[in-house]
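The block underneath contains the structure these notes are about, expressed in structure tokens.
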Amino acid sequence: MLSTPHRPCPATQERPADPPRDGARSRAGRAIEGRRGRLVAGFALCGALLMMLHAQIPNRVGQLGSLFETFLPWAGLSVPVLLTLAVVRRSRLAAVAVIAPAVVWVSLFGGVVTDKSSVGGDLIVVTHNVDEGNPDPERTARVLAGSGAHVLALEELSSKTTPVFERELAAGYRYHSVHLGIGLWSKYPLRHVEPVPIMPWTRAVRATVDTPKGPVAVFAAHLASVRVTPTAGFATARRNEAGRNLAEAVRAEPLPRVVVMGDLNGTGDDTALRPLTSQLRSAQREAGVGFGFTWPASFPLVRIDQILVRGVSPASSWSLPATGSDHLPVAASLRL
């Protein structure tokens, strides 16, 4: 007897699931894409807010505001990093969000990176923290002597290196005055050279420089150093106090033309130094090229050596070659 093969009832046969419709696939893809990019987009928007509101970051805990502002220009590195993550995550949301920190950074520093220098100028000034442990002060002095400066402001002079600079600079600079670690050398006569009491020991001096176009008040200063410690964070209290004291002296200066230069151990973006910087204009920002970072000399990350002016116009600003110090010298040509 022949038997026929068993055939399942059509009602009980398993059917393959219907493929999802195009609309469902599209919604699912967008949902996955959204999840991929939300974190990156969040970081991008937070970064934009931090840069935009950097002056509002409080210093009450570990001086975090000053620490962030010291390295503020480097916050722009977050843009290519976040954009790369957006591409890796294939997120249009994240890519669009990265536009925000890019726009904020350009609004803050777009003008800084352009060349604003011009020819001319009546007074060339140079400031340099020569480093009290400088292994070759003779070479440093020769670099400074060849800079073409009319006025030199030197910081961190020591009892050992001061005679070296006096000897090496004597031929080109007829006038000079040294007060502990701060010294001024000038091709033009110096008058009324006196210490400025910004700290318990001399860290600033003020002088009148009699230029061919009239007197200019010159301040050379070295504000207190800053440290990063586990307990205090970014310790800037002594520097901030010295900055306020220097600001008071500059505010009381009767001469209309003022130059303040030296190692301020802080950047022009640091809100804690605003009592001083708000009275003056940065030669580098007005007439330099780029950020002009000065420290550390081997790989400069920040500009803490400043030339600030009032009543004169910067024509150009630049950095000199490394000298053996851990700081780079900076120069500016000024129109009186």
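The values are calculated or read from the model by the stated rules, or taken from the named source; none is laboratory data. None of the values given here were measured: they were computed from a predicted structure. Neighbour counts run over all protein chains shown; Cβ positions are idealised from the backbone, glycine included.
Details
- For region 145-226, the strands (runs of 3 or more DSSP E) that sit wholly inside it and include 3 or more residues that are more than 28 Å from the chain's Cα centre (by Cα) and in the same structural domain as residue 238 (by TED's automatic domain parsing) are 175-179, 190-195, 204-211.
- Here residue 63 meets the list (1) polar (S, T, N, Q); (2) loosely packed, with under 12 Cβ neighbours inside 10 Å; (3) at pLDDT below 90 almost entirely, failing just condition (2).
- Among the residues of region 274-288, not a single one is among the charged types (D, E, K, R), touching an Asp or Glu at 6+ places or on another chain (Cβ under 8 Å) and within 26 Å of residue 321 (Cβ to Cβ).
- Checking each residue in region 279-336 for being within 15 Å of residue 263 (Cβ to Cβ) and of a type in the set (D, E, K, R) picks out 303, 305, 326.
- Qualifying residue in region 32-43 (condition: modelled with pLDDT of 90 or more and surrounded by 20 or more Cβ atoms within 10 Å (Cβ to Cβ)): yes
- Test: residue in region 269-286 that is crowded, with 22+ Cβ neighbours inside 10 Å, under 16 Å from the mean Cα position of the chain (by Cα) and farther than 24 Å from residue 75 by Cβ: no
- Selection status of residue 336, closer than 19 Å to residue 142 by Cα and touching a residue at least 24 places away in the same chain (Cβ under 8 Å): no
- Some residue of region 259-270 being within 25 Å of residue 111 (Cβ to Cβ), free of Cβ contacts under 8 Å to residues at least 60 places away in the same chain, not small (Gly, Ala, Ser) and not in a loop (DSSP other than H, G, I, E, B): yes
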